[in-house]
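Contents: one structure, followed by commentary.
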C-alpha cells in the first residue's frame, strides 16, 4: 500500500508531530470526505510500501523525514514552488527558500525522492502567460540538477475555487480567467522546452485533453519512482482518485479544510478561516488529523 500525505492538506508544513506520533502508533484514522464511515489506515512497515508527501514547506518535516528514512520506508516528496504574489498565496515561503529546501532534500535523500510542482497555473492580470514563462524559467534554472521532473496543471475552477478567486480579486484589484486551450497549448510547449533545457521532464497532472508532444502524463502517486527510490520493485495497480488521473492506488491520510497556507485557488480548502481554526484546534496526539466532530460556524 502507498500512503499519500496528503493531497488534501500540507502535513509536512503543519502536522509533522502528529504524523510521527501516528507512525509510532502504527495506524491513523481518516474521515471519509464523501460521507461514509471513517477508516483505519495501518502505517506499519509491513503494510506500507512507501509514502508520497505533498508540501510547500519541508523545513518543519526534516526530522520526520529522517524518522521515515531510518525506519526503511521509501518516500517521494511532491514539492510545490510557484512564487505567486501574496494576493494568490497568502502565507507560502519565498521561492528561494523553497529551492534551498528541495536541494537539501535531494542531497540528503537522493534526487529521485523529490519532484517539483509548478502547480496549478493560474492565469490572472498578476500572473499572465508571459510572467509564468519568466518565473518558470528562473525556477527551472535554480532547480536544475536537483530534480528530474516538474509537474504542472492548469487550475480547475470548482465552485469554491471561483468564489475564493473572486473574493481575492475584489480585495486585491486583479482579474482572473479560466485557461482556454488556445493559450494553454503554446504555454505548455514553451514550458516543456524550458524544462528540457534544464534537464527536467515536464508532466501534466490530471488533464489528458491538454497533453502535447513533449509533455508527459503525470503520475504523482508513482510506483515506478518509488521503486527507484527503494531500489526494489513496488507493485501498485493504477487506480487514481479521479478519472483523469494516472496515479497508482494509494490511501490518503489528510483532511480537507485544514491547510492554513491561504492559496486562494486551492481545491482542498473552501474557507481559510475554517482551515485556520481547525489547525489551531488540532490535537497532535489524536487518531484523526481533524476529528469528525471538528466543526465550526464557517464550515461548509
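The values are calculated or read from the model by the stated rules, or taken from the named source; none is laboratory data. Quick caveat, the model's predicted, so the values are computed rather than measured. Virtual Cβ from ideal backbone geometry, glycine too; neighbours counted across all protein chains shown.
May I ask you to verify whether residue 117 is modelled with pLDDT of 95 or more and either on the phi > 0 side of the Ramachandran plot or surrounded by fewer than 18 Cβ atoms within 10 Å (Cβ to Cβ) (or both)?
On the way: modelled with pLDDT of 95 or more: yes; either on the phi > 0 side of the Ramachandran plot or surrounded by fewer than 18 Cβ atoms within 10 Å (Cβ to Cβ) (or both): no.
In short, no.
Can you pull out the residues in the stretch 172-196 that are surrounded by fewer than 18 Cβ atoms within 10 Å (Cβ to Cβ), assigned to a helix (DSSP H, G or I), touching a strand residue (DSSP E or B) at 6+ places or on another chain (Cβ under 9 Å) and in contact (Cβ under 8 Å) with a residue 24 or more places away in the chain?
The answer is 183, and nothing else.
With the checklist (1) within 26 Å of residue 141 (Cβ to Cβ); (2) free of Cβ contacts under 8 Å to residues at least 12 places away in the same chain in hand, flag the one item residue 102 doesn't pass.
(2)
Please state which of the following conditions residue 105 fails to meet, knowing it meets all the rest: (1) assigned to a strand (DSSP E or B); (2) farther than 30 Å from residue 170 by Cβ.
It fails just one condition, (1).
If you take the residues of the stretch 136-163 that are more than 19 Å from the chain's Cα centre (by Cα) and assigned to a helix (DSSP H, G or I), which of them is nearest to residue 272 (Cα to Cα)?
Pass one, the stretch 136-163, residues more than 19 Å from the chain's Cα centre (by Cα): 137-138, 141-142, 144-145, 159, 162-163.
Those left that are additionally assigned to a helix (DSSP H, G or I): 137-138, 141-142, 159, 162-163.
Numbers: 137: 30, 138: 30, 141: 33, 142: 31, 159: 15, 162: 14, 163: 12 Å.
Restricting to residues being more than 19 Å from the chain's Cα centre (by Cα) and assigned to a helix (DSSP H, G or I), the top hit is 163.
Being in a helix (DSSP H, G or I), in contact (Cβ under 8 Å) with a residue 12 or more places away in the chain and in contact with a helix residue (DSSP H, G or I) (Cβ under 8 Å, 6 or more places away or on another chain) narrows it down to one of 77, 115, 68, 52, so name that one.
Numbers: 77 fails: in a helix (DSSP H, G or I); 115 fails: in a helix (DSSP H, G or I); 52 fails: in a helix (DSSP H, G or I).
Sole residue among the options that is in a helix (DSSP H, G or I), in contact (Cβ under 8 Å) with a residue 12 or more places away in the chain and in contact with a helix residue (DSSP H, G or I) (Cβ under 8 Å, 6 or more places away or on another chain): 68.
Got at least one residue in the stretch 213-221 being closer than 27 Å to residue 97 by Cα, surrounded by 18 or more Cβ atoms within 10 Å (Cβ to Cβ), in contact with a helix residue (DSSP H, G or I) (Cβ under 8 Å, 6 or more places away or on another chain) and at pLDDT below 95? Break it down stepwise before answering.
We begin by selecting, within the stretch 213-221, every residue closer than 27 Å to residue 97 by Cα; these are 218-221.
With surrounded by 18 or more Cβ atoms within 10 Å (Cβ to Cβ) added as a condition, the list becomes 218-221.
With in contact with a helix residue (DSSP H, G or I) (Cβ under 8 Å, 6 or more places away or on another chain) added as a condition, the list becomes 219.
Applying the additional criterion that residues be at pLDDT below 95 yields 219.
Scanning the stretch 213-221 turns up at least one residue that is closer than 27 Å to residue 97 by Cα, surrounded by 18 or more Cβ atoms within 10 Å (Cβ to Cβ), in contact with a helix residue (DSSP H, G or I) (Cβ under 8 Å, 6 or more places away or on another chain) and at pLDDT below 95.
Mind checking which residues of the stretch 1-16 are under 14 Å from residue 68 (Cβ atoms) and touching a helix residue (DSSP H, G or I) at 6+ places or on another chain (Cβ under 8 Å)?
Listed by number, the residues that qualify are 2, 5, 11, 12, 16.
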